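K.L.:
Mind looking over this structure? Questions follow.
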Amino acid sequence: MDKLYEKDLGGATYRSRDPIKNFTVKIKLQRLSASTIGFLGKPGSPGDENQEITSSVNQYGQTILENEELTVHWQQKFFSQREMEFYGFEPNCTSVLDYKYHAEVEHIKVGGRPNTRLFTYVDKDRFSVVEEAYVPMTTSVNEMPSHLSSRVTEVRRRKNANSSSTLQPWELNKGRSVSGMKLVEEKPTDEFTVNHHVLNTPVHVFIIMADLSPEGQLGSAEFERRLCTIEYDDNCVIRVSPDFTRSKPPYRIEEGGLSRDIWDFQVEHVSNVVSKMESRREGKVISELYRKHQTYLKGLVGESFEELPSGIFRLLAYGEILSAESFEYDDLHVEFFVDLPKNWSCDPGQLLSGCTHSSRTTLTGNTERAYFAQPFNYQLFFPLQEDQDTLDWPKIFLHVISSDTWGRRRTEGYGYFSLPTRPGCQRIVVQCWRPTGNEGYEAITSELNRFFIGGNPELEDISYAAIPNTFEGKHLSKYGVRTETGGSVTVQVNCIQQCKAFQENLSTAVSRKKLQSALQIARGQASKTAIHGVMDAYQRARKRMQLARENVPNQIRESAEKNAVEKLRGLTTQDKIKNILRKAEDEQTEAK
Amino acid sequence: MAEVHIIGQVVGGSEFPNQSLFCKWGIHAGGAWKLIAGTKEGQTQVDIPENEDFAYWSHPIDVHYATKGLQGWPRIHLQVWHQDSFGRNELYGYGFIHVPTSPGCHTLECVTWKPNGTFQEELMQRFVGGCPQLKNPDLVYSGADRYKLHTTAMGKVHLKLNLVFRNFDKYGVEC
């Protein structure tokens with residue numbers, strides 16, 4: 001029977017904001033006919049007879065010999081037979097709690113015990129501490145607790161809520177402190193380490209036990225078994241192990257004396273459930289709180305957000321020129337500017353060009369690097385027009401220059417990059433080159449000049465680095481210009497795009513596509529008027545038709561429709577429409 | 001109103017000429033931005049790595065901004081300082097980086113530089129320490145007037161930022 005289902009003794013974790021004192025658990029314990037019933041005969045002494053009469057049969061066909069149910073509240077103490085005997089004898093009592101238990105036991109002795117086998121250990125009990133003691137993890141006989149495990153169990157011990165630091169107030173500020181707070185404890189005491197360990201949420205434990213001794217021998221410690229442990233910590237987390245039984249088969253223990261009784265037990269959660277009204281009210285309070293917070297935020301910042309007129313696309317570029325590397329000379333700086341293509345515009349007050357500071361390079365790895373971290377930010381606008389054929393994207397041109405203490409200035413390289421068309425953060429490495437002058441004598445003199453007195457051929461128009469502004473034609477040929485490779489410049493650009501058209505379709509499509517669709521919408525505006533005309537005509541025609549149909553008597557109409565449907569099968573759509581139209585006309589004339 | 005959460009760390013600094021470093025950082029945002037929660041400035045502890053070229057600070061950043069507009073996107077400016085064995089602090093570099101404009105996890109490298117002095121000053125610096133500092137630290141995050149500076153490239157500061165955005169798509173913003 002045991003092997004029909006996997007034993008699941010795993011615990012479960014719950015979280016509840018309600019006070020723990022409302023937590024109630026019902027435990028059901030049953031003794032079944034023994035597994036060895038076949039050859040040992042019926043267990044139990046002859047004195048059990050009256051119990052056997054009341055016994056019934058469970059769903060597995062086993063006889064239930066004994067039945068006990070107990071409903072326990074959080075930290076409600078029930079005494080076991082052994083405890084009854086222990087606390088019943090006054091000289092055993094040493095602490096205040098012991099005397100309290102003694103009084104309770106005396107009271108129970110008069111009134112009778114509410115429980116027989118089931119009992120509980122509460123948080124303060126001295127027996128529950130024993131339960132938490134080291135349990136060997138392997139089958140090894142010689143297993144000893146490691147240092148770590150013994151320390152961790154010590155930390156786990158839950159009484160630390162009221163333990164305070166032994167430090168005197170005047171000692172607190174002795175160490176290096178930040179605003180009176182001591183950061184580093186120079187001589188940590190044992191108590192200090194325990195208190196400041198990571199695992200220091202105080203845990204309250206409640207254990208439900210059962211005394212599974214054979215009949216008539218109640219009260220022996222060796223047959224006490226733990227049925228369920230409930231832990232509760234200050235973060236409102238309740239851990240129940242094993243979990244509540246619910247629809248699962250009951251948990252099973254085989255225990256007790258010679259006959260190995262089978263014990264089934266079930267754990268049920270029977271706390272009072274919050275009524276619907278109350279939970280709704282609670283939900284309302286919380287949502288009210290969130291709404292209040294939202295209005296507070298709105299009051300702080302304002303609800304509005306800067307909006308664009310429709311048909312305008314805004315591109316914001318926040319970026320920085322990070323570094324330049326592997327250039328020939330030292331002391332580099334970068335001059336840069338933005339080239340706005342046709343139709344793009346920007347704030348007139350905005351500086352579109354800039355210049356970094358000059359930076360001496362340092363050697364990292366094998367490359368000479370100059371660092372700039374020069375910020376730039378641009379706000380550019382682009383009207384989404386109907387007659388837009390090509391879409392040019394703004395470019396940034398770079399000019400890397402080295403200068404030295406003698407005032408010699410050398411061009412180190414030209415380069416350009418387009419602002420990213422994708423929003424988000426992007427790192428761009430721009431490879432640079434510099435012109436070396438015409439072939440032959442000129443090239444040699446310019447290189448000599450560059451080496452000795454600085455200065456070298458420069459581009460007359462920096463836009464030549466990309467497509468020259470003056471360029472008109474089909475092929476862009478740069479053949480004939482002699483260049484030399486420079487180093488590279490690293491730029492990081494963050495782009496944000498804003499457009500009213502994005503607002504309308506909140507899909508996660510790639511934004512370039514979105515921009516295209518925005519353009520299409522803009523283009524669509526023009527053709528819309530034409531479409532409107534067609535649609536109007538269609539609507540008018542339809543209305544006239546409907547009017548005509550309403551005049552036709554019902555019967556005729558239905559039969560006509562039926563005929564039409566039959567005939568329609570196997571016809572093309574055009575024919576279908578013609579048919580319908582013809583039918584309608586016929587009917588109209590008939591009706592007249 | 002749109003909101004931005006910046007959650008992350010100033011992980012550490014590398015490639016500086018000396019270790020035993022600490023870092024001061026701050027987040028600066030435009031006028032339309034309002035700080036709702038979190039601290040926007042901080043200073044790390046001094047970290048002395050034993051034998052590697054990387055000082056780890058793991059200093060937390062956790063700020064929450066609300067904004068009415070896109071102008072003045074938040075940016076982070078940094079100062080890296082070196083503390084020598086006599087407890088003297090010396091500037092090692094200024095750094096600047098924009099907070100990325102896309103949500104998600106970002107690993108950023110922020111390069112730093114420090115202003116150069118004259119030859120005499122640099123000679124003195126080598127033995128006594130200390131170096132010229134910016135009179136107006138605003139220069140770190142304004143692009144203008146930078147050309148007057150002459151600097152030396154220093155190390156890198158590594159940042160790890162997680163960004164959470166809210167409501168930007170409602171206003172047709174792609175980021």
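K.L.:
Among A:Glu255, A:Glu268, which is over 19 Å from A:His73 (Cβ atoms), over 31 Å from the mean Cα position of the chain (by Cα), open to solvent by less than 80 Å² (accessible area, probe 1.4 Å) and touching a residue at least 40 places away in the same chain (Cβ under 8 Å)? Write out each step before concluding.
P.N.:
Working: A:Glu268 fails: over 19 Å from A:His73 (Cβ atoms).
None of the others qualify; the one that does is A:Glu255.
K.L.:
Right, something else. Provide a single number: the residues in segment B:106-137 that are more than 9 Å from chain A (Cβ to nearest Cβ), within 22 Å of B:Lys40 (Cβ to Cβ) and touching a Lys or Arg at 6+ places or on another chain (Cβ under 7 Å).
P.N.:
Total satisfying the criteria: 1.
K.L.:
Please pick out the residue among A:Phe376, A:Phe397 that is under 43 Å from the mean Cα position of the chain (by Cα), within 14 Å of chain B (Cβ to nearest Cβ) and at pLDDT 90 or above.
P.N.:
Working: A:Phe397 fails: within 14 Å of chain B (Cβ to nearest Cβ).
Checking each option against the conditions leaves just A:Phe376.
K.L.:
Mind listing just one residue for me: the one in segment B:104-119 that is farther than 16 Å from B:Ile61 by Cβ and of a type outside the set (Phe, Trp, Tyr) and, of those, most open to solvent (accessible area, probe 1.4 Å)? Talk me through it step by step, then tell me what you get.
P.N.:
Of segment B:104-119, the ones farther than 16 Å from B:Ile61 by Cβ are B:111-119.
Filter once more, keeping what is of a type outside the set (Phe, Trp, Tyr): B:111-112, B:114-118.
Values: B:Val111: 7, B:Thr112: 0, B:Lys114: 22, B:Pro115: 9, B:Asn116: 28, B:Gly117: 22, B:Thr118: 81 Å².
Step by step, filter segment B:104-119, then rank; the result is B:Thr118.
K.L.:
If I go through segment A:417-462 residue by residue, how many of them are touching a residue at least 40 places away in the same chain (Cβ under 8 Å) and farther than 19 Å from A:Gly487 by Cα?
P.N.:
Counting residues in segment A:417-462 that are touching a residue at least 40 places away in the same chain (Cβ under 8 Å) and farther than 19 Å from A:Gly487 by Cα gives 11.
K.L.:
Of the numbered conditions (1) more than 30 Å from A:Gln497 (Cβ to Cβ); (2) of a type outside the set (Asp, Glu); (3) outside any loop (DSSP other than H, G, I, E, B), A:Gly407 satisfies every one except a single condition; which is it?
P.N.:
All conditions are met except number (3).
K.L.:
With the requirement that a residue be of a type in the set (Val, Ile, Thr), under 26 Å from B:Thr118 (Cβ atoms) and modelled with pLDDT of 90 or more, what does segment B:129-175 give you? Don't jump to the end; show me each part of the working.
P.N.:
In the first step, residues of segment B:129-175 are kept if they are of a type in the set (Val, Ile, Thr); the result is B:140, B:151-152, B:157, B:164, B:173.
Those still in the list that are under 26 Å from B:Thr118 (Cβ atoms) too: B:140, B:151-152.
Across segment B:129-175, the qualifying residues are B:Thr151, B:Thr152.
K.L.:
Under the condition of being touching a helix residue (DSSP H, G or I) at 6+ places or on another chain (Cβ under 8 Å) and surrounded by 14 or more Cβ atoms within 10 Å (Cβ to Cβ), which residue from segment A:308-336 is nearest to B:Lys156 (Cα to Cα)? Even if it seems obvious, please write down each step before you answer.
P.N.:
So in segment A:308-336, the residues touching a helix residue (DSSP H, G or I) at 6+ places or on another chain (Cβ under 8 Å) come out as A:308-313, A:333.
So of that shortlist, the ones also surrounded by 14 or more Cβ atoms within 10 Å (Cβ to Cβ) come out as A:308, A:310-313, A:333.
Working: A:Leu308: 39, A:Ser310: 43, A:Gly311: 42, A:Ile312: 39, A:Phe313: 36, A:His333: 19 Å.
The residue in question is A:His333.
K.L.:
Ok, one more. Considering only segment A:295-320, how many residues are in contact (Cβ under 8 Å) with a residue 12 or more places away in the chain and touching a Leu at 6+ places or on another chain (Cβ under 8 Å)? Let's see the steps before the verdict.
P.N.:
First pass over segment A:295-320, keeping only residues in contact (Cβ under 8 Å) with a residue 12 or more places away in the chain: A:307-320.
Those still in the list that are touching a Leu at 6+ places or on another chain (Cβ under 8 Å) too: A:311-317.
Result for segment A:295-320: 7.
K.L.:
Return yes or no: is B:His59 open to solvent by 10 Å² or more (accessible area, probe 1.4 Å), within 12 Å of chain A (Cβ to nearest Cβ) and assigned to a strand (DSSP E or B)? It would help to see each step written out before you state the result.
P.N.:
Numbers: open to solvent by 10 Å² or more (accessible area, probe 1.4 Å): yes; within 12 Å of chain A (Cβ to nearest Cβ): no; assigned to a strand (DSSP E or B): yes.
Taking the combined requirement at face value, the residue does not satisfy it.
K.L.:
All but one of (1) open to solvent by less than 90 Å² (accessible area, probe 1.4 Å); (2) at pLDDT 85 or above; (3) part of a loop (DSSP other than H, G, I, E, B); (4) more than 30 Å from B:Lys34 (Cα to Cα) hold for A:Phe305; which doesn't?
P.N.:
It is condition (4) that A:Phe305 fails.
K.L.:
While we're here: Return yes or no: is A:Gln426 open to solvent by less than 50 Å² (accessible area, probe 1.4 Å) and of a type outside the set (Ser, Thr, Tyr)? Reasoning before the result, please.
P.N.:
Details: open to solvent by less than 50 Å² (accessible area, probe 1.4 Å): yes; of a type outside the set (Ser, Thr, Tyr): yes.
Considered against the rule, which asks whether it is open to solvent by less than 50 Å² (accessible area, probe 1.4 Å) and of a type outside the set (Ser, Thr, Tyr), A:Gln426 comes out as yes.
K.L.:
One residue is enough: does segment A:228-239 have a residue meeting the conditions open to solvent by 70 Å² or more (accessible area, probe 1.4 Å), over 22 Å from B:Phe168 (Cα atoms), modelled with pLDDT under 85 and not small (Gly, Ala, Ser)? Can you show your working first?
P.N.:
The initial filter retains those residues of segment A:228-239 that are open to solvent by 70 Å² or more (accessible area, probe 1.4 Å), namely A:234-235, A:239.
Then keep just the ones that are over 22 Å from B:Phe168 (Cα atoms); that gives A:234-235, A:239.
This time we only want the ones that are modelled with pLDDT under 85, so: A:234-235.
Those still in the list that are not small (Gly, Ala, Ser) too: A:234-235.
Yes.
K.L.:
Can you say whether A:Leu351 is away from chain B (no Cβ under 12 Å) and within 42 Å of the chain's Cα centre (by Cα), as far as the supplied structure shows? Quick ask: steps written out before the conclusion?
P.N.:
Numbers: away from chain B (no Cβ under 12 Å): no; within 42 Å of the chain's Cα centre (by Cα): yes.
So A:Leu351 does not fit the description; no.
K.L.:
Looking only at residues that are at pLDDT below 75 and of a type in the set (Val, Ile, Thr) in segment A:167-217, which one is least open to solvent (accessible area, probe 1.4 Å)?
P.N.:
Top of the filtered list is A:Val194.
K.L.:
Something else: Looking only at segment B:144-166, filter to residues that are surrounded by fewer than 19 Cβ atoms within 10 Å (Cβ to Cβ), of a type outside the set (D, E, K, R) and over 21 Å from A:Arg422 (Cβ atoms); which one of those is nearest to the chain's Cα centre (by Cα)? Full working, then the answer.
P.N.:
At the first step, the residues of segment B:144-166 found to be surrounded by fewer than 19 Cβ atoms within 10 Å (Cβ to Cβ) are B:144-145, B:147-150, B:158, B:160, B:162, B:164-166.
Then keep just the ones that are of a type outside the set (D, E, K, R); that gives B:144, B:147, B:149-150, B:158, B:162, B:164-165.
Now narrow it down to the ones that are over 21 Å from A:Arg422 (Cβ atoms): B:144, B:147, B:149-150, B:158.
On the way: B:Ala144: 19, B:Tyr147: 21, B:Leu149: 19, B:His150: 20, B:His158: 9 Å.
Out of the qualifying residues, it is B:His158.
K.L.:
When the residues of segment A:354-364 are narrowed to those that are assigned to a strand (DSSP E or B) and at the interface with chain B (Cβ under 7 Å from one of its Cβ atoms), which ends up modelled with the lowest pLDDT? Working first, answer last.
P.N.:
From segment A:354-364, those assigned to a strand (DSSP E or B) are A:354-355, A:358-360, A:362-364; that's our starting set.
Next, only the ones that are at the interface with chain B (Cβ under 7 Å from one of its Cβ atoms) stay: A:354-355, A:358-360, A:362, A:364.
Working: A:Gly354: 91, A:Cys355: 92, A:Ser358: 92, A:Ser359: 93, A:Arg360: 92, A:Thr362: 91, A:Thr364: 86.
Within segment A:354-364, the match that is modelled with the lowest pLDDT is A:Thr364.
K.L.:
Scan segment A:311-338 for residues that are facing another protein chain (nearest Cβ under 9 Å) and part of a loop (DSSP other than H, G, I, E, B) and jot them down.
P.N.:
Answer for segment A:311-338, where residues must be facing another protein chain (nearest Cβ under 9 Å) and part of a loop (DSSP other than H, G, I, E, B): just A:Asp331.
K.L.:
If a residue must be among the hydrophobic types (A, V, I, L, M, F, W, C), surrounded by 10 or more Cβ atoms within 10 Å (Cβ to Cβ) and part of a loop (DSSP other than H, G, I, E, B), how many such residues does segment A:454-479 contain? It would help to see each step written out before you state the result.
P.N.:
So the first thing to find is which residues in segment A:454-479 are among the hydrophobic types (A, V, I, L, M, F, W, C), and the list is A:459, A:462, A:465-467, A:471, A:476.
Add one more test, that the residue is surrounded by 10 or more Cβ atoms within 10 Å (Cβ to Cβ), and what stays is A:459, A:462, A:465-467, A:471.
Still in the list and also part of a loop (DSSP other than H, G, I, E, B): A:459, A:466-467, A:471.
Residues that pass the stated criteria total 4.
K.L.:
Okay, next question. Regarding A:Arg434, is this residue out of contact with any His (no Cβ under 6 Å at 6 or more places or on another chain), of a type outside the set (A, V, I, L, M) and not in a loop (DSSP other than H, G, I, E, B)? Walk me through how you get there before you give the answer.
P.N.:
Values: out of contact with any His (no Cβ under 6 Å at 6 or more places or on another chain): yes; of a type outside the set (A, V, I, L, M): yes; not in a loop (DSSP other than H, G, I, E, B): yes.
It is true that A:Arg434 is out of contact with any His (no Cβ under 6 Å at 6 or more places or on another chain), of a type outside the set (A, V, I, L, M) and not in a loop (DSSP other than H, G, I, E, B).
The values are calculated or read from the model by the stated rules, or taken from the named source; none is laboratory data. These figures come from a predicted structure and were not determined experimentally. Cβ sites come from the backbone with ideal geometry, for glycine too, and all protein chains shown count toward neighbours. Surface accessibility is based on the protein's heavy atoms, side chains included, excluding ligands, DNA and RNA. Shrake-Rupley method; radii C 1.70, N 1.55, O 1.52, S 1.80 Å.
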